[in-house]
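Single-structure report; data block below.
The values are calculated or read from the model by the stated rules, or taken from the named source; none is laboratory data. This one's a predicted model, so the numbers in the text were calculated from it and none came from an experiment. Because the Cβ atoms are built from the backbone with ideal geometry, glycine has one as well, and the counts that use them run over all protein chains shown. Surface accessibility is based on the protein's heavy atoms, side chains included, excluding ligands, DNA and RNA. Shrake-Rupley method; radii C 1.70, N 1.55, O 1.52, S 1.80 Å.
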Amino acid sequence: MHSYYGKVAMPKAELHLHLEGSIQAETLLAIDPALSAAEIQANLKCRTFEEFLRGYIWITGKLQTPAHYALATRHLLERLAAENVTYAEITLSAGVVLWKQQDLAAVYEAVWKESQRSRVRTYWILDAVRHFGAEHGMDVARFAVTRREHGVIAYGIGGDEARGPAEWFRDVFAFARDGGLHLVCHAGETCGPESIWAALAIGAERIGHGIAAARDPALLQHLRESDVPLEVSITSNVATGVVASLEQHPVRQLYDAGVPIVLNTDDPSFFNTTLTREYELAERTFGLPVDRLAANSFRYAFAAPARD
Ligand code: ADE
Ligand code: ZN
């Protein structure tokens with residue numbers, strides 16, 4: 001049996017966590033004291049995926065300087081350290097930084113420097129917005145490969161998979177891979193199994209969410225046999241309404257099919273969760289073995305850390 005405190009103490013790795021989705025009211029108020037609690041709450045609300053994306057854009061609009069990004073990183077890493085997350089791959093929405101016409105090199109330098117001060121061993125995943133298209137994706141990839149020796153471990157695509165099919169990013173993924181980066185892709189969150197097949201076809205090594213795989217036995221078999229993990233975020237999927245209720249989340253079915261599963265928070269400020277809570281849920285609601293899931297979180301980390 002595990003107590004709540006046992007799961008806090010248990011060393012865990014977080015592999016799917018967006019910096020911008022991890023910013024709490026305290027940080028926002030430090031950045032912009034004119035904000036009201038009501039305004040913050042209204043924008044962090046999400047009942048649909050579209051509402052979530054709107055809130056995500058709102059919050060990124062508050063990050064106006066490299067120092068703002070650094071502060072968000074510091075506060076996030078303090079919270080991760082407190083729940084014994086010993087290793088993290090944090091996603092920076094680099095595509096949104098470019099879209100805001102900010103200095104991506106300066107923003108990245110700020111977050112990377114800040115993360116090096118933490119005892120959480122941290123790497124960065126730079127992601128592009130898939131519905132902004134392949135050219136935009138290539139701009140992010142070009143920058144990402146230049147920081148391979150400086151904390152960037154992977155390239156990814158997020159945003160709206162319905163409006164930005166993975167096939168658009170075939171050459172971009174090849175470029176990032178040839179530049180020495182690992183590849184991740186949000187897929188099978190709001191779209192069906194075909195979106196996951198498309199992500200695999202362009203070389204994704206881990207799938208963000210991927211819960212639609214539960215509807216495709218051939219895909220389940222493929223994920224199991226090729227040892228490609230799904231980065232599952234239970235609370236996120238319930239909050240954005242991509243699953244109808246907690247009880248209907250397919251994590252147990254995916255696990256029982258032998259698909260590698262890693263638990264994550266995705267955007268904890270929007271979904272009001274922590275990694276500890278996700279492990280709690282997995283055990284309590286779905287009867288999953290948390291020790292094995294925690295072991296997976298290190299096993300599927302790109303930098304294969306020691307479990308200390
Ligand atoms: N960006 C941040 N969180 C995301 C999610 N859950 N799906 C797609 N893009 C995202
Ligand atoms: Zn995500």
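A 1.4 Å probe over all protein chains sorts 169, 143, 175 by accessible area into 175, 143, 169, starting with the largest. Cα centroid separation, segment 1-79 to segment 269-283: 14 Å. Rounded to the nearest 20, the Cβ-based charge dipole of segment 20-138 about its Cα centre (Lys and Arg +1, Asp and Glu -1) stands at 180 debye.
Taking Cα centre as origin and charging only the Cβ of basic (Lys, Arg, +1) and acidic (Asp, Glu, -1) residues, the dipole magnitude of the chain rounds to 500 debye. Magnitude of the charge dipole for segment 50-209, about its Cα centre and with charges confined to Cβ atoms of Lys, Arg (+1) and Asp, Glu (-1), is about 560 debye. Taking a straight line from the alpha carbon of residue 62, these lysines sit under 28 Å away, with near neighbours fewer than eight places off in the same chain left out: 45, 100, 113. A simple spin-label model places pseudo-atoms 7 Å from Cα toward Cβ; at residue 149 and residue 303 they are separated by 1.6 nm.
Grouping the Cα pair distances of the chain into 20 Å bins from zero gives a pair-distance distribution of 36, 61, 3 percent in increasing distance order. Solvent-accessible area assigned to carbon and sulfur over the chain amounts to 51 percent, based on a 1.4 Å probe. Any idea what the relative contact order of segment 4-299 is, in percent, if you count C-alpha pairs under 8 Å spaced at least 6 apart? Reported relative contact order: 20 percent.
Ranking 25, 40, 8 by Cα position along the charge dipole of segment 1-136, where only Lys, Arg, Asp and Glu carry charges on their C-beta atoms, puts 8 farthest toward the positive end. Could you give the longest part of the chain that holds none of the trypsin sites (Lys or Arg not before Pro) found in DSSP loops with at most 12 neighbouring Cβ atoms within 10 Å? Counting at most 12 other Cβ atoms within 10 Å as exposed, the longest clean stretch of the chain is 120-308.
Using the Karplus relation 6.51 cos²θ - 1.76 cosθ + 1.60 with θ = phi - 60°, the per-residue 3J(HN,Hα) values for segment 253-267 come to 4, 5, 5, 5, 7, x, 7, x, 10, 10, 8, 8, 9, 6, 9 Hz, with x marking Gly and Pro.
The residues of segment 4-299 expose on average 39 square angstrom of accessible surface per residue, using a 1.4 Å probe on protein heavy atoms. Over every Cα atom in segment 58-217, the radius of gyration and the widest Cα-Cα span, Dmax, amount to 15.6, 47 Å.
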